[in-house]
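Student: Have a look at this one before I ask anything.
What follows draws every value from the coordinates through simple rules; no lab data is involved. Note that the structure is a prediction, hence the values are computed from the model and not measured. As a convention, Cβ positions derive from the backbone with ideal geometry for all residues, glycine included, and neighbour counts pool all protein chains shown.
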Amino acid sequence: MVKTYHIVTYGCQMNVHESEKLAGILCKLGYVYAENIEDADVILFNTCAIRENAENHAFGNIGALKKLKKSKPNLIIGVCGCMTQQDNVAKELHKKFPFVDIIFGTHNLDDFESLLNKRIASKKTVIEVLEKEKAICEETPKFRTSYPNAWVNITYGCNNFCTYCIVPYVRGRERSRKMDDILEECRHIVELGYKEITLLGQNVNSYGLDFNDENVTFPILLKKIADIKGNFRIRFMTNHPKDLSDELIDAMLYSDKICKYIHLPVQAGSSKVLNLMNRRYTREDYLEKIEKLKAKIPNISITTDIMVGFPYETEEDFLDTLDLVKTCRFNGAFTFVYSRRKGTVADKMDGQIEESVSKDRIQRLIELQNQIAKEISLEYKDKVVEVLCEDFDDKKNMYLGRDEFNRMCYFGSGENLIGKFVNVKITKTGGISLTGELV
Ligand code: SAH
Ligand code: SF4
Ligand code: F3S
């Protein structure tokens with residue numbers, strides 16, 4: 001009988017792509033994907049540690065499998081990713097859920113095949129969390145699941161140590177992939193018919209710094225990818241405001257393939273808070289970059305991440321954030337309440353903010369951002385936008401896709417359009433998404 005697998009993924013796009021590598025390894029071993037978790041012979045949880053609720057969520061869902069494991073003793077359950085890369089969490093997980101068969105971290109994801117074999121041969125729990133990152137592995141197969149988009153890592157890890165953030169501790173130091181390896185992967189993806197490439201890194205702007213070679217920078221990489229023949233779009237994420245250069249802004253204008261869209265997390269509108277966060281830019285620096293982007297690329301779409309309730313954030317600091325949001329008029333914003341992470345600098349800070357205060361602030365922030373997004377959305381009415389059709393929404397009975405500005409758009413069609421660029425006239429504007437008709 002054919003063996004099957006199911007993967008549950010939490011966290012960012014980086015993790016989504018890493019699950020494609022886990023799936024690639026399993027497919028190579030002859031496993032096939034099981035839509036229903038209860039049918040699978042191998043279940044993997046690829047976890048995230050960015051906020052407490054991400055961890056709680058995973059713990060809850062892993063615990064819920066106890067019964068299934070009892071009724072299917074041959075089932076293999078594995079947990080990996082940023083959560084289990086933390087030694088104390090890996091131990092806690094093993095203690096709480098002894099029925100989990102394999103526990104590994106982010107540094108040995110590429111070794112999953114040997115970990116699985118070890119578990120099968122020994123019939124014992126395998127726990128392997130490496131302390132340090134290894135050299136980049138280019139050989140891991142990938143089973144891509146996000147056609148027409150293809151994720152492409154350009155860097156791994158992070159050197160920035162923002163004081164609130166767990167990522168540098170669970171993903172290791174920043175490592176760039178060789179430019180030739182990236183270009184080869186991109187060419188292959190385009191040949192296979194993918195229509196969108198999304199370059200991934202915790203800070204794509206610092207790509208290549210570890211090579212110390214002026215010919216290996218992010219703007220140069222971007223242009224080289226744009227030179228690949230074919231009809232496709234290029235996106236990239238995430239950018240760090242301290243490293244966003246004039247060269248990159250110019251490179252964005254180099255080709256129509258490069259989406260005029262940028263995700264530029266600001267985190268806070270107060271220079272005092274930004275300094276406490278170790279972001280290494282001020283409110284003024286950030287506003288200057290936004291002005292430059294808008295001046296050079298007038299139709300650019302900008303989205304951001306914002307956090308409230310960071311230690312020592314006063315009402316005045318928070319009003320600075322609201323004011324910055326009004327000035328920048330972001331096309332979209334991911335908003336978060338600060339969450340204490342063990343091992344980070346901010347966790348040891350006095351001046352932690354009460355939950356009720358943070359909750360009030362996030363509500364006010366969301367309200368303002370929703371209002372702005374709605375106003376921007378209205379400007380789309382009756383316009384024709386080019387959308388890359390990505391999927392079909394069963395509930396709405398409509399196709400959906402995004403325009404180059406990353407705006408979600410729904411439309412009806414009798415024909416399967418997934419993977420095609422189509423023109424859609426917007427008839428209905430709402431909050432985040434648009435609805436229209438094919439033209
Ligand atoms: N490397 C990316 C983002 C990584 S995490 C960058 O620097 O932009 C994505 C977002 O999660 C961050 O931008 C931040 O807004 C949020 N985040 C990170 N750590 C957090 C924490 N401890 N509590 C709440 N939000 C957090
Ligand atoms: Fe975390 Fe900052 Fe690195 Fe982003 S840049 S991953 S927020 S430490
Ligand atoms: Fe989460 Fe790890 Fe990404 S902590 S946000 S999955 S890098």
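Student: Starting with the fewest neighbours, write out Y261, Y147 ranked by other beta-carbon atoms found within 10 Å of each beta-carbon.
Tutor: Numbers: Y261 24, Y147 15.
Going from sparsest to densest Cβ surroundings: Y147, Y261.
Student: For region 323-364, what is Rg from Cα atoms divided by 2.2 N^0.38 Å, rounded to two decimals? Write out the running numbers ahead of the final one.
Tutor: Details: Rg = 13.2 Å, N = 42, 2.2 N^0.38 = 9.1 Å.
In units of the 2.2 N^0.38 Å rule of thumb, it is 1.45.
Student: Spin-label point model (7 Å from Cα, Cβ direction): what's the S413 to L68 distance in nm?
Tutor: Rounded to a tenth, the inter-label distance reads 3.4 nm.
Student: If you take every DSSP beta bridge whose two residues both sit in the chain, what share of them, in percent to the nearest 5, is antiparallel? The partial results should precede the final answer.
Tutor: On the way: 21 of 63 bridges.
Antiparallel bridges make up about 35 percent of those DSSP assigns within the chain.
Student: While we're on this one: Once you have the alpha carbon radius of gyration of region 1-98, what is it after dividing by 2.2 N^0.38 Å, with N set to its residue count?
Tutor: Numbers: Rg = 13.3 Å, N = 98, 2.2 N^0.38 = 12.6 Å.
Normalised Rg, Cα atoms only: 1.06.
Student: Test of understanding: ordering L115, L322 by Cβ neighbours within 10 Å, fewest first, what list do you get? Don't skip to the end; give the middle numbers.
Tutor: Working: L115 21, L322 18.
Result, fewest neighbours first: L322, L115.
Student: Another one. If only Cα atoms are counted, what is the Rg of region 146-259, and what is its Dmax, in Å?
Tutor: Cα-based Rg and Dmax for region 146-259 come out at 13.9, 42 Å.
Student: Using just the alpha carbons, could you tell me how many Å³ per residue the convex hull of region 292-341 encloses?
Tutor: Details: hull volume 4.6 nm³, N = 50.
So the per-residue Cα hull volume is 93 Å³.
Student: Compute the distance in nm between two label points, each set 7 Å from the Cα along the Cα-to-Cβ direction, one at L319 and one at Y33.
Tutor: A separation of 5.1 nm, rounded to one decimal place.
Student: How do 296-302, 400-406 rank on mean C-beta neighbours within 10 Å, highest first?
Tutor: Values: 296-302: 15.1, 400-406: 20.7.
With the highest mean Cβ count within 10 Å placed first, the list reads 400-406, 296-302.
Student: If you average the sequence gap of Cα pairs under 8 Å that are 6 or more apart and divide by the length of the chain, what percent do you get for the contact order? Write out the running numbers ahead of the final one.
Tutor: Values: 839 pairs, mean separation 45.0, N = 439.
That works out to 10 percent.
Student: Taking 8 Å as the Cα distance limit and 6 or more residues as the minimum spacing, I'd like the relative contact order of region 4-128 as a percentage. Kindly include the intermediate steps, with their values, before the conclusion.
Tutor: Numbers: 191 pairs, mean separation 29.4, N = 125.
Relative contact order here is 24 percent.
Student: I need the peptides 275-284, 327-336 ranked by packing, meaning the mean over residues of other C-beta atoms within 10 angstrom, with the highest value on top.
Tutor: Working: 275-284: 17.0, 327-336: 18.5.
Ranked from most to least packed, the peptides come out as 327-336, 275-284.
Student: For the pairs K195/K242; K3/K124; K72/K96; K272/K326, flag any whose C-alpha to C-alpha distance is greater than 24 Å.
Tutor: Numbers: K195/K242 30 Å; K3/K124 20 Å; K72/K96 19 Å; K272/K326 19 Å.
Check vs 24 Å cut-off fails for K195/K242.
Student: Output the pairs from K223/K257; K178/K257; K66/K95; K294/K420; K28/K70 with a Cα-Cα distance over 19 Å in this structure; if there are none, say none.
Tutor: On the way: K223/K257 10 Å; K178/K257 22 Å; K66/K95 13 Å; K294/K420 29 Å; K28/K70 28 Å.
In this structure, K178/K257; K294/K420; K28/K70 exceed 19 Å between Cα atoms.
Student: What ratio of Cα Rg to 2.2 N^0.38 Å holds for the chain? Please list the in-between numbers first.
Tutor: Working: Rg = 22.3 Å, N = 439, 2.2 N^0.38 = 22.2 Å.
Relative to the 2.2 N^0.38 Å estimate, the chain comes out at 1.01.
Student: Distance from the Cα centre of region 185-232 to that of region 45-122, in angstrom?
Tutor: Answer, in whole Å: 33.
Student: Now, a different point. In the chain, what cysteines have no partner Cβ closer than 4.7 Å?
Tutor: So far as the 4.7 Å Cβ criterion goes, C12, C27, C48, C80, C82, C137, C158, C186, C259, C328, C389, C409 stand without a partner in the chain.
Student: Using Cβ counts within 10 Å as a stand-in for footprinting exposure, how do E138, E55, E214 rank, fewest first?
Tutor: On the way: E138 11, E55 23, E214 8.
In increasing order of surrounding Cβ atoms, one gets E214, E138, E55.
Student: Now for a separate question. By per-residue mean of other Cβ atoms within 10 Å, what is the highest-first order of 26-36, 228-238?
Tutor: Numbers: 26-36: 14.1, 228-238: 17.7.
Packing proxy ranking, top to bottom: 228-238, 26-36.
Student: Quick one: P(r) of region 349-439 from all Cα-Cα pairs, 5 Å bins, percents rounded to integers, in order of increasing distance.
Tutor: Final binned percentages: 3, 13, 21, 17, 12, 9, 7, 6, 5, 4, 2, 0.
Student: Moving on to the next point. Run lengths n ≥ 4 of DSSP H only: what is the helix-derived mean residue ellipticity at 222 nm for the chain, with -39500 (n - 2.57) per run over all residues, to the nearest 500? Each step should come with its number before you reach the end.
Tutor: Values: 13 runs with 148 residues, N = 439.
For the chain, the value works out to -10500 deg cm²/dmol.
Student: Using θ = phi - 60° and the Karplus form 6.51 cos²θ - 1.76 cosθ + 1.60, what ³J(HN,Hα) does each residue of region 339-348 get, whole Hz, x for Gly and Pro?
Tutor: Each residue's phi maps through the Karplus curve to give 10, 5, 10, 4, x, 8, 5, 5, 5, 8 Hz.
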